Amino acid sequence: MSLAASLAARRRVRVTALAIIASVLATGCGGRSELTHHRLYAMGTWVSVSVHAPTPATDAAIAQVETLLRQFEIDYHAWADGELARVNEALAAGRAVEVSPPLAALLKQAQQLGERSGGRFDAGLGTLVELWGFDGPPAEHAEPPPEAAIATALAAAGMRHVHVDGRRVAAGSTGVKIDLGGIAKGEAVDRIIDTLRQHGIHDALVDAGGDVRVIGARGDRPWRVGIRHPRERGVLGVIELEDGEAAFTSGDYERHYDIGGIRMHHIIDPRTGHPAPETLAVTVVMRSGVEADAAATALFVAGDDWRETAAALGASAVLRVAADRRVETTAAMRPALREPEGADGHNER
Ligand code: AMP
Ligand code: MG
């Protein structure tokens, strides 16, 4: 069957053992080292960095990546014990708080992307995420949260209540909890890519649990990423990525539980306070991990009207699987799509 015819935190309070568990050297013709894979567990997922033709600086780069990820999973996770948790404590107590420059910049960006998405991406839904039980590993629930509790949480939630002024963060509601879960992996992947480039690495692929960004190529061919089918084993297709491109996926299969045969998952529609019902998975290719991450979440929420939100966010390359399993792709996505076969990265989880 052709591709067109067949066409996808946990609560890690503190991760102490972030380890590079594998560094495999693939050997090409004549014994020359061509590809190394470094795998680290961070932010509740496996993060792998594949470097083509590694230089002596690669080990130093990987060590820096490890440090960066360890800091990220503590400071940018709402339910860890780091900077974002302290910000949320202050906001809940009605206090303004001064944050570090990188967190201030990320909060500002989250707010701007949220506005451009028409509020579909909203980094201020932490209380709703808690109510539905997705602040930690999803546990079975007998019933959904009471509607009254959802309505109360929703009225007080959202980045519309948050003011970011330079490094000062304040909120007009004590019921808003900032959750960067829809964007933090994008920021982490972007910072990893920057780190690799600073170490003179020209050809690499970073795969954070299926969310991928690349530099250069894999030798004489582009890096390839398999897109997981949201309901079946195997992949929908393979995307070829050019230098600097990121492919991010939001799917209802990542964190979920069922109530009465209906899937409850971790992506909340800020208009209703419920898991967004019209989408199984959305993959977006953009030249920034943060923007692709936010766009994938926003388009997932947008549902059948996703094209309008995609245009507002500048997301031209999109592959979407609707609730009825229909696969939709934009014209800009199609040239990069290949039949399912050998991929370097993949969004299996
Ligand atoms: P992603 O997998 O990138 O789509 O991010 C999903 C995560 O972002 C969830 O686990 C929540 O922590 C958070 N989240 C849920 N709904 C939204 C939303 N509408 N906008 C922004 N972040 C959200
Ligand atoms: Mg996202």
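Every number here is computed from the coordinates shown, using simple stated rules; none is lab data. Nothing here was measured: the structure is a model prediction, and the numbers come from that model. Heads up, the Cβs are rebuilt from the backbone with ideal geometry, glycines too, and the neighbour counts pull from every protein chain shown.
Data overview
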| read-out | value |
| --- | --- |
| The stretch 173-271 shape via C-alpha gyration tensor axes, a/c threshold 1.5 | oblate |
| For the stretch 70-125 versus the stretch 146-202, the gap between their alpha-carbon centres in whole angstrom | 4 Å |
| Charged-residue dipole, Cβ positions (Lys, Arg, Asp, Glu), the stretch 30-189 about Cα centre, Debye nearest 20 | 480 debye |
| The stretch 115-214: C-alpha gyration tensor shape, a/c 1.5 cut-off, then a/b vs b/c | oblate |
| Residue order, fewest to most beta carbons within 10 Å, for 304, 122, 179, 324 | 324, 304, 122, 179 |
| Simple label model, 7 Å out from Cα along Cβ direction - residue 147 to residue 39, nm | 4.7 nm |
| In Hz, Karplus ³J(HN,Hα) per residue of the stretch 67-72 (6.51, -1.76, 1.60; θ = phi - 60°; x = Gly, Pro) | 4, 4, 5, 5, 5, 4 |
| Overall form of the chain per C-alpha gyration tensor (a/c, 1.5; a/b vs b/c) | oblate |
| Ratio Rg/Rh [Cα only; Rh per Kirkwood] for the stretch 30-134 | 1.10 |
| Distant alpha-carbon pairs in the stretch 185-233 (separation over 11 angstrom), percent | 70 percent |
| 238, 97, 206 arranged by Cβ crowding within 10 Å, fewest neighbours leading | 97, 238, 206 |
